[in-house]
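Report on the following structure.
The values are calculated or read from the model by the stated rules, or taken from the named source; none is laboratory data. A quick note: this is a predicted structure, and the numbers were derived from the prediction, not measured. Please note: Cβ atoms are built from the backbone with ideal geometry, for glycine as well, and neighbour counts cover all protein chains shown. Only protein heavy atoms, including side chains, enter the accessible area calculation; ligands, DNA and RNA are left aside. Shrake-Rupley method; radii C 1.70, N 1.55, O 1.52, S 1.80 Å.
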Amino acid sequence: MISPETAKIILDQKTYELPIVEGTAGDKAVDISKLRSQTGYITLDEGFANTGSCKSSITYINGEKGILCYRGIPIEVLAENSTFIETAYLIIYGELPTRKQMSAFSQKVLRNASLHEGMMHFFDGGFPFTAHPMAILSSLLNSVGCYYPNMVTNHREQDLEHFDDAAALLLSKVRTIAAMAYRMKNGLPLIYPKRDLGYSQNFLHMMFTEPYHEYYPHDDITKALDLILLLHADHEQNCSTSTVRMVASSGANLFASVSAGVCALWGPLHGGANQQVIQMLEEIYRSGDDGSAFVEAAKQGKRRLMGFGHRLYKTYDPRAKILRAAADKVLKIVKVKDPLLDIAQRLEDMARSDDYFISRNLYPNVDFYSGIILKAIGMPTDMFTVIFAIGRMPGWIAHWREVASQVKGRISRPRQVYVGAPIRDYVKMRYREGEIPSDWESDDHKSLGGGSSENASAKA
Ligand code: ACO
């Protein structure tokens with residue numbers, strides 16, 4: 001809503017008044033949307049740390065107080081009482097489902113698990129065995145849309161008409177594609193989910209079932225995975241979600257938009273961090289360091305302590321708090337004695353008592369503990385970010401719909417401050433003094449400039 005307050009800005013000795021917008025939780029923003037047309041100035045905020053890109057009603061975060069709510073419900077309450085699929089419904093549709101709605105939604109997700117046979121060749125030599133599963137996931141999420149031409153028209157009204165089907169389909173197929181990418185890499189036969197298993201249980205079953213051994217995970221392991229998915233389900237305007245929104249703002253369909261989200265998530269500073277956490281722990285272990293040399297290098301800016309720090313949270317990430325407790329539980333069940341987990345514990349202790357990290361509010365983030373849990377349950381490291389992507393799918397879907405439903409939505413198109421070369425002379429730049437070739441008069445310039453093109457074709 002528009003606040004009665006305004007902000008004043010003085011530019012070139014002239015004062016301008018800018019409206020203040022206030023969110024439902026009291027967040028305030030200076031609305032600069034008319035700043036350039038009124039003053040000729042733009043704002044500069046590299047990395048968008050201080051820029052609101054949209055109004056959204058999906059997720060609320062207060063990084064100073066460590067609050068995270070999906071559709072107004074605190075994450076701690078959902079973690080305690082809900083499941084990933086129920087939370088996905090809440091995020092996508094804005095309300096918790098009735099029992100009937102929940103059952104219909106779960107059935108729809110289950111029914112959509114299979115992949116068109118035409119896609120099977122992707123898993124039969126369509127990708128090299130060395131392909132990262134995030135590359136496979138991004139490509140196949142976009143490809144899967146090609147089998148549903150009525151859902152990928154890039155006409156907003158029509159794509160929105162099929163939204164319910166597309167949302168359930170993506171939630172389901174992202175799990176199938178992820179498990180199949182793993183099975184292909186490991187030379188295992190491809191299998192589909194079972195009717196009587198829940199979402200996360202089915203994923204683990206599809207991942208780890210061997211021809212001679214059907215895998216049914218321990219309930220607490222299923223719960224830990226479900227919790228990881230639930231805690232990752234949305235996180236307002238993070239890098240991948242902003243990517244999804246930006247792609248959606250051009251009018252692109254849901255499948256193309258979430259496929260772009262997967263690419264953004266892959267990076268080590270975002271979703272790729274959980275994989276990097278384990279790689280960092282392995283590196284420390286191999287070097288014989290107890291963690292202190294790595295922490296020192298991080299303080300000197302030579303390394304980054306992966307799994308620490310967050311753009312928004314300046315206190316403990318509430319998701320990390322929940323996963324820390326879950327990690328303790330999982331480690332007791334699987335009874336693994338892994339030296340990497342001891343190093344992780346030491347890193348946490350060191351960072352939490354060191355002024356460098358304290359003064360910069362660098363706490364362990366959700367990726368630190370999700371990495372530890374996933375490693376403990378036997379998940380291969382290159383699947384960590386894929387699991388993050390499965391978890392983030394409801395958020396991407398909800399954000400796509402928010403953008404696509406805006407009647408007067410505008411394409412996302414930031415501006416820049418240009419700092420490159422001034423406008424220059426092409427010819428002088430191409431042939432610097434003393435470098436002008438002897439056949440200058442007869443080469444392809446003439447064909448461009450209208451002279452004889454005799455030699456031009458010979459050179460082309
Ligand atoms: N290790 C060491 N120093 C760090 C770390 C870290 N992990 N993170 C930030 N810092 C330092 C920076 O060097 C900087 O120090 P300075 O003030 O002396 O220059 C200060 O803390 C502020 O850091 P920024 O890079 O400005 O913080 P920003 O908000 O841009 O970055 C980010 C946040 C990307 C998460 C960063 O903390 C990081 O790289 N962490 C490691 C990667 C990671 O775990 N990513 C997962 C994020 S959570 C998620 O995606 C679910």
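Here is a yes/no grid of residues against (1) without any contact (Cβ under 8 Å) to a residue 40 or more places away in the chain; (2) under 19 Å from ALA398 (Cβ atoms); (3) touching a helix residue (DSSP H, G or I) at 6+ places or on another chain (Cβ under 8 Å):
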| position | (1), (2), (3) |
| --- | --- |
| SER259 | no, yes, yes |
| LEU265 | no, yes, yes |
| GLY271 | no, yes, yes |
| TYR285 | no, no, yes |
| GLU296 | yes, no, no |
| LYS299 | no, no, yes |
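Tell me which residues, restricted to the range 136-160, are within 15 Å of GLY251 (Cβ to Cβ) and either at pLDDT below 95 or open to solvent by 10 Å² or more (accessible area, probe 1.4 Å) (or both). Matches in the range 136-160: MET151, VAL152, THR153, ASN154, HIS155, ARG156, GLU157, GLN158, LEU160.
Checking each residue in the range 249-297 for being more than 15 Å from ILE390 (Cα to Cα), surrounded by fewer than 24 Cβ atoms within 10 Å (Cβ to Cβ) and in contact with a Gly (Cβ under 8 Å, 6 or more places away or on another chain) picks out SER249, ALA256, GLN276, ILE278, ILE284. Each residue in the range 82-116 was checked for being open to solvent by less than 60 Å² (accessible area, probe 1.4 Å), not hydroxyl-bearing (Ser, Thr, Tyr) and not in a helix (DSSP H, G or I), and 5 pass. Here GLN237 meets the list (1) within 16 Å of the ligand (Cβ to nearest atom); (2) crowded, with 21+ Cβ neighbours inside 10 Å; (3) not hydroxyl-bearing (Ser, Thr, Tyr) almost entirely, failing just condition (2). Looking across the range 359-411 at every residue that is basic (Lys, Arg) and open to solvent by 10 Å² or more (accessible area, probe 1.4 Å), the one that is farthest from ALA273 (Cα to Cα) is identified as LYS408. Listed by position, the strands (runs of 3 or more DSSP E) contained in the range 1-56 that have at least 3 residues being within 26 Å of ALA404 (Cα to Cα), open to solvent by 60 Å² or more (accessible area, probe 1.4 Å) and acidic (Asp, Glu) form an empty set. Just for the range 333-358: of the residues that are open to solvent by 70 Å² or more (accessible area, probe 1.4 Å) and assigned to a helix (DSSP H, G or I), which one is farthest from the ligand (Cβ to nearest atom)? Going through the qualifying residues, I end up with GLN345. Of everything in the range 298-322, what is of a type in the set (A, V, I, L, M, F, W, C) and either within 11 Å of the ligand (Cβ to nearest atom) or open to solvent by 60 Å² or more (accessible area, probe 1.4 Å) (or both)? Give them in sequence order. ALA298, LEU305, MET306, PHE308, LEU312, ALA320, listed by residue number. Report yes if LEU188 is crowded, with 22+ Cβ neighbours inside 10 Å and more than 25 Å from SER103 (Cα to Cα), otherwise no. Answer is no for this residue.
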